[in-house]
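Notes follow once the structure below has been shown.
Any read-out appearing in this document is the output of simple, stated calculations on the displayed coordinates, not a laboratory observation. The structure displayed is predicted, hence computed values, not measured ones. Virtual Cβ from ideal backbone geometry, glycine too; neighbours counted across all protein chains shown.
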Amino acid sequence: MVPELESTAQTPGRLLSVLGVSFGIAGAVGGTIGAGILRTPGLVAAQLGSGPWVVAAWLAGGLYALLGANAVAELGASLPLAGGWYVYARRCFGDAAGFTVGWMDWVGHCTGIAWVAVTIGEYAAFLLPGLEPHGKLVGLAVLLLFTLIQLLGVEAGSGSQKLLSLAKAVAFLAVVAACFVLGGPDTRAAAAAAAIPTDPAGLAPVGWTGLAVALVFSLQAIITTYDGWHSPIYFSEEFSEPQEDLPRSLIGGVLAVIALYTLFNLALLRVLPLPVIAASSLPVADAAALLFGAFGGQAITVLALLSLAGLINASIMGAPRILYGLSRDRLFSPLVDRVNRGGTPTVALVLTSLASALLVLGGDFTILLGLAAFLYVSLYLVGLVCLFVLRIKEPERPRPYRAWGHPWSTAIVLVGSIAFLLGALRNDTANSGWALLLIGVSVPVFLATRALTPAEAP
């Protein structure tokens, strides 16, 4: 059995237990809501062809995330240590499995950070066209800015996350309110008249089999858009009362995102007819243009930038905790568990930012982003399996929070995750293959780091 995951090395500093529920919810909201919600409603509408089914699909995706948060809350409250998913995998299956999970998680974070940085550069160029030739430089500047904020310490990172998440929520709610107040039959008629004629009946899936297939494809996109709800687990060790704060942060964060996503889709349906939403790659921009004219495009760009800023801050803050945990538990170089006086793992932060910067300069995210969803759902799957394993192997372990409805509630998410991965293997073989290759690469990396890492003192 793996020993208790306690700190195994003396470090110059330590993580500070100063975070609370307000940060946890801000982290969950900031780590979840990105540019995806601005684009995904059109994809889902095109698949389902029915307003009620669209709303039902978003609620179903939210339920998947909520049941996942319910399961992970038990793990986090009973093992409140820095490192995220890797902590649970190591506890259940040993060092090699723990390192593989941590490797997957960290690489996925760096990929996401790089993509967000580049996307911020692209959106900034829309507001200031003179920046267009320098999009990657803007992305690197944003990456440097948020790295410097994190170097100030965990309280600076926490404060920035709360501020960005609040601004993001207010901006989304303002768009929702404008759609409900200004939208209606007149705006839907105007949008339909301006659009290329589309047969609404042609959008609807044929028969129950067609509906089932459409729901599967829709849920794949929706689940990806909900990804990030687990962000608070990376800070388990830094909550003042992790046994209470972590479950409240996970579940409260998911409920907040479900409410925002549902209201957002209802607001779009208030302004635009479903065929127009289905034909659009960015339906919220179409709605804003209809309501506010030329100013609408700029308003949505600002909304996107707020969403992405909160996302990159949460990711840059969380990813170093993965390397910190691996290093502290002697699965990575002991130099990486250095913490400054502000409670930031400095070496881990610098490594994360450098890796992300290299990905920004590399420029082609087609493969990396294609495998990101596969990796993240794989991590969910590992966590859910760990909950079952620990309930059996360690029935006496203190569990300040017990997942309600377990094993049935956990099994629902487990089956959903397996179905998602099987669907990805069948329908996106290339990117799934790259994801499996990346997982395989963790083995030689683990062996190399283990050979170079001094054994802990007896």
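Computed from Cα positions, the angle between helix 283-292 and the longest principal axis of the chain comes to roughly 50 degrees.
Computing Cα extents along the principal axes in Å for the structure here picks out one of (i) 72, 55, 40; (ii) 57, 51, 37; (iii) 76, 51, 40, namely (iii). Only DSSP H runs of four or more residues enter the estimate; each adds -39500 (n - 2.57), and after division by the residues of the chain the mean residue ellipticity at 222 nm equals -25500 deg cm²/dmol.
Using a cutoff of 8 angstrom between alpha carbon atoms and counting only pairs six or more residues apart, the relative contact order for the chain works out to 35 percent.
Take the Cβ atoms of residue 192 and residue 255, set R0 to 35 Å, and the FRET efficiency comes out at 0.55. In the chain, the longest principal axis of the Cα atoms and the axis of helix 36-48 are about 60 degrees apart.
Label positions at residue 128 and residue 445, each projected 7 Å from the Cα along the C-beta direction, are separated by 3.5 nm.
Put in line by how crowded their Cβ is, counting other Cβ atoms within 10 Å and starting with the fewest, 292, 239 read 292, 239.
Between the range 393-413 and the range 107-126, what's the alpha-carbon centroid distance in Å? That distance is 36 Å.
Site pair residue 281 and residue 350 shows an inter-label distance of 4.0 nm when each label is modelled 7 Å from Cα along Cα→Cβ.
Let me make sure I get this right: for the range 159-307, a, b and c are the square roots of the gyration tensor eigenvalues over alpha carbons, sorted descending. Under 1.5 in a/c it's rounded, otherwise prolate if a/b > b/c, else oblate. Which is it? Oblate is the answer for the range 159-307, as a/c is 1.5 or above yet b/c matches or exceeds a/b. Each of 168, 393 was scored by other Cβ atoms within 10 Å of its Cβ. Arranged with the fewest first, they read 393, 168. Under the simplified labelling scheme, the residue 151-residue 18 pair shows an inter-label distance of 1.8 nm, with each label point 7 Å from Cα along Cα→Cβ. Taking a sphere under 15 Å around the Cβ of residue 174 and counting the other residues whose Cβ falls inside, with K and R at +1 and D and E at -1, yields a net charge of +2.
Could you state the orientation-averaged shadow area of the convex hull built on the Cα atoms of the range 123-189, in nm² to one decimal?
6.7
Charge tally for residue 24 (other residues, Cβ to Cβ under 15 Å; Lys, Arg +1; Asp, Glu -1): -3. Each of 374, 235 was scored by other Cβ atoms within 10 Å of its Cβ. Listed from fewest to most, they are 374, 235.
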